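What follows is a short report on a single structure.
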Amino acid sequence: MGFAMNLTLPIRAVNTANTREHWARRAARAKQHRHEAYHSVRAAKPTRRVAYTVTLTRIGKRRTDSDGLAISLKAVRDGVADALGIDDGSERIAWLYGQEIGREYAVRIEIT
């Protein structure tokens, strides 16, 4: 039977390409998102595998364009890769992105 993990984190993924904010605030949010993703995935105790498929789904009140979607999930992606012990640019991880409309902001992480 294959490995599967499904987590939903209460993260508001923000497209930083379209926001005007102080660099320190942006950096603090990215650090927090990366930290939450890392610790949530580590707590779920993923099994070591040769390759993974990771789907990151942004849940929000509105949709964003595809490049904004990737930008808004970058820190989460980095945290997941850290938890798996693999560079996020490695061919061992296939990254997929999605988005859904919802009442609350969140990010769903699915790892297979």
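For the residue pair T8 and R49, what label-to-label distance in nm results when each label sits 7 Å from Cα along the Cα-to-beta-carbon direction?
Here the answer is 2.2 nm between the modelled labels.
May I ask you to rank S40, S66, S72 by accessible area, largest first, using a 1.4 Å probe over the protein chains only? Each step should come with its number before you reach the end.
On the way: S40 35, S66 95, S72 10 Å².
From most exposed to least exposed: S66, S40, S72.
Roughly how many Å² is the accessible area per residue of the chain, as a whole number, for a 1.4 Å probe?
62
With a point put 7 Å past each Cα toward its Cβ, work out how far A17 is from E110 in nm, to one decimal.
2.4
Excluding V80 itself, what net charge comes from residues whose Cβ is under 12 Å from its Cβ, given Lys and Arg +1 and Asp and Glu -1?
-1
Quick check: at a probe of 1.4 Å, how many percent of the accessible area of the chain sits on carbon and sulfur atoms? Intermediate values should be presented prior to the final figure.
On the way: 3470 of 6930 Å².
Roughly 50 percent, rounded to a whole number.
Counting pairs of Cα atoms in region 1-47, how many percent are more than 17 Å apart?
For region 1-47, the share of Cα pairs beyond 17 Å comes to 46 percent.
Could you please report the charge total around Q32, scoring K, R as +1 and D, E as -1 over all other residues with beta-carbon less than 15 angstrom from its beta-carbon?
+4
Taking H as built 1.01 Å from N, whose amide H comes closer than 5 Å to the amide H of Y52, not counting residues under 5 places away?
Those qualifying (amide H under 5 Å, at least 5 residues apart or on another chain) are I93, A94.
How big is the C-alpha Rg of region 26-112 next to the rule-of-thumb value 2.2 N^0.38 Å, as a ratio?
1.05
Add +1 for every Lys or Arg and -1 for every Asp or Glu among the other residues with Cβ under 14 Å from the Cβ of F3, and state the total.
Here the charged neighbours net out to +3.
The values are calculated or read from the model by the stated rules, or taken from the named source; none is laboratory data. As the structure is a computational prediction, the values presented were derived from the model and not from experiment. Every residue, glycine as well, gets a Cβ built from its backbone with ideal geometry; the counts of neighbours run over all protein chains shown. Side chains are part of the model used for accessible areas, which takes the heavy atoms of the whole protein and leaves out ligands, DNA and RNA. Shrake-Rupley method; radii C 1.70, N 1.55, O 1.52, S 1.80 Å.
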